[in-house]
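Working notes, beginning with the structure itself.
Values quoted throughout were computed directly from the atomic coordinates according to the rules given, and no laboratory measurement underlies them. Nothing here was measured: the structure is a model prediction, and the numbers come from that model. With ideal geometry, Cβ positions are generated from the backbone for all residues, glycine too; neighbour counts draw on all protein chains shown.
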Amino acid sequence: MITIDSLLFVAYVIVTIIAIVTVLMDNRQPAKTVAWVMVLMFLPIVGIVLYFFFGQNIRKEKYISRHSLDLLTKRSMLAFAEQKNLKSERYNLLVTYFASQNWALPFKDSDMEILTDGYQFVQNMLHDIANAHHHIHIEMYIFNDDALGNIFADALIDKAKQGVEVRVIYDDVGCWNVKNSFYERMEEGGVRVYPFMPVHFPAFTSKVNYRNHRKLCVIDGKTGYIGGMNIADRYVKGTAKQAWRDTHLRITGNAVYGIQKAFLVDWYFVTGILISSKTFYPEQNGIKDSGAIMQIVTSSPVNELADIMHGYVRVLLEAKKYVYIETPYFLPTEPVMFALKNAALSGVDVRIMIPRKGDAKLVEWASRSFILEVIEAGVKVYLYNAGFNHSKLMVSDDGIATCGSTNVDFRSFENNMEANLFVYDTQHAIKMRQLFEKDLENCTIVDDDMLNIRIPFLQRLWESLVRLLAPLL
């Protein structure tokens, strides 16, 4: 006699087999494929739920049409074409790669200011918002309904009432705990607010894993912001447990066109409204012959190539003297892991800075085996002691630096929508190196004494098991 329980079991087995076949047919990286197969096989019920919520692959979906992208790129392309003598002697191959594969057009006559704490970030951004005359574009992973969020909301509403065009994109999952009334208040005040890929049943399962992690702002087309800071109290005050250290960049000059294009592409994606007027790409003033070449590089899970990850790999493999990296999470993909070890074994001074105490215990456990592996290859790993270091930056050979929203982990490189500035210039690279060296003053190097501490077998086994889930974290 066939019972309901047996029918449910058969149905579950069929669904699991279909899910495993789907994972295999997606032709993902072997590590990610193995991780999902293990989850589906050894976590009954839970594995299926996790897969439907976090495992579906949207890489083959169309993010935006070619025609629309051409229109959205037109103005920045014209500004790019008007430039003369645009070439980086040392990094021209990487510049060309980003320009051809990512439409990340290089711009010169630009400058950047490094903001190293929330107070600098808030003071500068609110000042620029207060002086806006034409438009304000903000794209944040987190835009919280807290004291800082409401200060920004009030400032944006005030500018909208003055006739300034204000557009805001926030990530629906990143702002999961924010009530709709917070954004409705901005809308009622004249601010155009849209969530990125809102999560509603039954579409929940296909969207929750792919989030917009970018932190961008453009004011009047002349001032831009890009980096790691969101709009939330903790980016200024820290958390109840520890202080917060972060890095954001204030950009002026032609490179702002790249941030503008990135925002308007996302705006078209969330609203269907195509904005390509030249008024959003005004002529830049005051910065001439700066020598710096800058690119705003974006990445998303629908791209065939993980562009920002490829940039990290190329910088590591082409380094001659040093590569310094700050990242809050360290779960490197196979290509990045190979490049890190290859560079260190070739005599390059490779240093990685991570927080001593993270904000996600599972990620912290999973990262330990990766840390031990790169140390064995000669990479120096530093633990930041003065709070949670959320900075995402890399600098190499006093010639190239990058900073943005991208962590050194699977999720940033492969699943999230991210945005980084790449700058090719000695002066700016030295500033980024000096920032890293200043942060070193609050660090402890992972030395032989730490490595020789006998870790209990069960803890080592647990960390090794969690490492298998790194592609999914």
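May I ask you to compute the full-extension gain from Asn124 to Ile430, defined as 0.36 nm times their residue separation minus their alpha-carbon distance, rounded to one decimal in nm?
107.9 nm
In nm, to one decimal, how far is the modelled label at Asp158 from the one at Lys278, with both set 7 Å along Cα→Cβ?
3.4 nm
Count the lysine pairs in segment 147-275 whose Cα atoms lie under 27 Å apart, taking only pairs 8 or more positions apart in sequence or on different chains.
Qualifying lysine pairs in segment 147-275: 19.
Taking 0.36 nm per intervening residue step and subtracting the Cα-Cα distance, what contour gain separates Asn180 from Thr444 on full extension?
Here the segment from Asn180 to Thr444 would lengthen by 90.7 nm.
Could you run the Karplus curve 6.51 cos²θ - 1.76 cosθ + 1.60 with θ = phi - 60° over segment 270-283 and give me ³J(HN,Hα) per residue in whole Hz, x for Gly and Pro?
Using θ = phi - 60°, the values come out as 8, 10, x, 9, 9, 10, 9, 5, 5, 5, 8, 10, x, 5 Hz.
At most 10 other Cβ atoms within 10 Å and a DSSP loop assignment: could you name the trypsin sites (Lys or Arg not before Pro) in segment 265-333 that fit?
Here the sparse-neighbourhood loop sites are Lys288.
Label-point separation (nm) for Asp398 and Glu373, each offset 7 Å from Cα along Cα-to-Cβ?
Here the answer is 3.4 nm between the modelled labels.
Classify segment 105-263 as rounded, prolate or oblate, taking a ≥ b ≥ c as the square roots of the eigenvalues of its Cα gyration tensor: rounded when a/c is under 1.5, otherwise prolate if a/b is larger than b/c and oblate if not.
Verdict is rounded for segment 105-263.
List the trypsin sites (Lys or Arg not before Pro) within segment 88-172 that fall in a DSSP loop (any state other than H, G, I, E or B) and whose Cβ has at most 16 other Cβ atoms within 10 Å.
Arg90
Return the FRET efficiency for the residue pair Ser346, Ala386: r is the Cβ-Cβ distance, R0 is 35 Å, and the value is rounded to the nearest 0.05.
0.65
List the GluC sites (Glu not before Pro) within segment 248-323 that fall in a DSSP loop (any state other than H, G, I, E or B) and whose Cβ has at most 15 other Cβ atoms within 10 Å.
Glu283, Glu304
Over 20 Å, how big is the tail of the calculated P(r) for segment 300-385, in percent of all Cα pairs?
34 percent
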